Amino acid sequence: MFFNIYKVAHMKKISLSFILALTLTSCSSNPKDKLDSEFSFQGRPIEPWCINSITHSSSPSVNLAQCSNPFSEINITSPVTPDLQKQGFMGYSYEYKNDTPVMSPPYIFYKYLGKTGELHAVHKMWSDGRSGKHSYVYLIERKGDTLNFINGYGGDRCMGGVIDAKVEAGKVKYTKQLTPLTFIQNSSKNVFDYNTSSSLSDCATCCYMTGEFSDNEMISVKLNPSLKQLFSDNKAGHMQYCFDKLFKSYVKRNKLTLNSIELNQFIDSFEKKCVKYKR
């Protein structure tokens, strides 16, 4: 149905902003994607640009009346894909009206997850047209017609990018991709008493593992046995080489899923074997 609307709109040269309005309305009427009444505005889902405004700018607050018509700043180039729409996401790809140079089409998609306490949780995927492809869980406070950004967890692809998220029993639970560095950063072990930040791989293609989180606490990880090339193969330093050696020992034993106790044991081994110099 969505592409039928789009095709007709294209043939009749109807603006994509009108298509977006139809899409957002259809999302709000779908029982599967039904939004909490507290997270809608004037009978429709909150405009994606409003979510973008408070989570991707210097302003932590936005008025819904002011952000709900973004078309003075952008032109929508394509609507949300059918696959993302089935998952409950809404949003669009767009171009800037002020000719801001970009490497690829920017986009903003978000999915409403539910409430955790007095806060609303959303899963947002976005790119500003540069190289990053970001995916975060954000916690947002609503007071009247004002949204306030409270906190966010995620990153760019392997560097903490969220790949799945939900609210269950009042807790925000999500899965995100991890590099060696983000794995250490997200652990409960304070190995950053040592100079590890410049010595471990941390890039958008360094997907060593995925982590399961509950309210920002890492509760388990799954190692990626199909990683084609460990990054110590590229003349990395001692610490990364040592991390990879430990990583490969777990993969060789087919020990790919680590619970909270086991992942702390992994980090204990990393600290003992790999971290040589304390600050």
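So the values come out like this:
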{"item": "Qualifying residue in the range 111-118 (condition: assigned to a loop (DSSP other than H, G, I, E, B), more than 30 Å from PRO225 (Cα to Cα), touching a Phe, Trp or Tyr at 6+ places or on another chain (Cβ under 7 Å) and not assigned by TED's automatic domain parsing to the domain that holds LEU223)", "result": "no"}
{"item": "Residue, nearest to GLU38 (Cα to Cα), within the range 106-151, restricted to residues that are surrounded by 19 or more Cβ atoms within 10 Å (Cβ to Cβ) and of a type in the set (Val, Ile, Thr)", "result": "ILE140"}
{"item": "Of the criteria (1) modelled with pLDDT under 95; (2) in the same structural domain as SER214 (by TED's automatic domain parsing); (3) closer than 25 Å to ILE108 by Cβ, which one VAL162 fails", "result": "(1)"}
{"item": "Positions within the range 195-248 being modelled with pLDDT under 95, of a type in the set (Val, Ile, Thr) and either outside the structural domain of THR182 (by TED's automatic domain parsing) or under 17 Å from the mean Cα position of the chain (by Cα) (or both), in sequence order", "result": "THR205"}
{"item": "Checking TYR208 against (1) aromatic (Phe, Trp, Tyr); (2) over 26 Å from THR55 (Cα atoms); (3) touching a Lys or Arg at 6+ places or on another chain (Cβ under 7 Å), the condition it does not meet", "result": "(3)"}
{"item": "Count of the range 137-153 residues which are acidic (Asp, Glu) and assigned to a strand (DSSP E or B)", "result": "1"}
{"item": "Pairs with Cβ under 8 Å, 6+ apart, first in the range 50-73 and more than 21 Å from GLY129 (Cα to Cα) and in contact (Cβ under 8 Å) with a residue 12 or more places away in the chain, second surrounded by fewer than 16 Cβ atoms within 10 Å (Cβ to Cβ) and among the charged types (D, E, K, R)", "result": "ASN63/ASP145; LEU64/ASP145; ALA65/ASP145"}
{"item": "Counted residues, the range 154-186 - those being outside any strand (DSSP E or B) and not β-branched (Val, Ile, Thr)", "result": "11"}
{"item": "Qualifying positions in the range 90-110 - part of a loop (DSSP other than H, G, I, E, B) and touching a helix residue (DSSP H, G or I) at 6+ places or on another chain (Cβ under 9 Å)", "result": "LYS97"}
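The values are calculated or read from the model by the stated rules, or taken from the named source; none is laboratory data. Just so it is clear, the model here is predicted, and its values are computed rather than measured. We place every Cβ from the backbone using ideal geometry, glycine too, and count neighbours over all the protein chains shown.
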